[in-house]
Amino acid sequence: MYLGEIKIVDLTNSDWDREKSDPGRGEYAFTGKKVYVDGEAYRTTARRPAWFFCWIRYDSRDGFKDVRDHQIKWKYSYVTPDDPYWPEGLPPDVNGRYVYGDVVLMKCPLIEELRKRELARQMSEGMAMSSYQKFENTVDEAGAGLSPGDEHYIDQLSKELLSG
């Protein structure tokens, strides 16, 4: 099994038998529908969880640095058998965490993930503007200053150069 093949089951919206299931061992008995996080049900009937799920590098050799960074910066926490979510096919480890190879399943509030993405978008746009400003300064220093509207010609020239 590959990491990308592991689907996360939303136990809140799924039909499962609590008496026949053993969450501590990662064993669930489903009696009806099984709803996956990011599955089709969220497009039609169910509400999306207020969590964003992510596999984070889990390496004791670096003191679990990646995990700590995510916990501190973006409010990530471990997904455990106490949560109504289960990575299908995985039992929790002795610490109650879902570990697969060198990664661990974690969750953060969905709003934090959206803020993180917005920050990344703003930084990306800022870097693009910074690069363009640097290019303009280089052109000015060479004595070939750009006039307003020259951006169109630069875009056209770069497309022609890239197309071969």
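The values are calculated or read from the model by the stated rules, or taken from the named source; none is laboratory data. What you are looking at is a predicted structure, and each value in this text was computed from that prediction instead of being measured. Every residue, glycine among them, receives a Cβ derived from its backbone with ideal geometry; neighbour counts consider all protein chains shown.
Could you say whether any residue in segment 108-122 is modelled with pLDDT of 90 or more, exposed (fewer than 14 other Cβ atoms within 10 Å of the Cβ) and among the acidic types (Asp, Glu)?
No - not one qualifying residue is present in segment 108-122.
Can you tell me which residues in segment 48-101 are over 19 Å from the mean Cα position of the chain (by Cα) and either over 25 Å from residue 12 (Cα atoms) or among the hydroxyl-bearing types (Ser, Thr, Tyr) (or both)?
60, 61, 62, 63
For segment 21-48, how many residues are part of a loop (DSSP other than H, G, I, E, B), of a type outside the set (Val, Ile, Thr), surrounded by 13 or more Cβ atoms within 10 Å (Cβ to Cβ) and at pLDDT 85 or above?
Within segment 21-48, residues that are part of a loop (DSSP other than H, G, I, E, B), of a type outside the set (Val, Ile, Thr), surrounded by 13 or more Cβ atoms within 10 Å (Cβ to Cβ) and at pLDDT 85 or above number 2.
Taking the residues in segment 1-20 that are under 16 Å from the mean Cα position of the chain (by Cα) and modelled with pLDDT under 90 as candidates, determine which candidate is surrounded by the fewest Cβ atoms within 10 Å (Cβ to Cβ).
4
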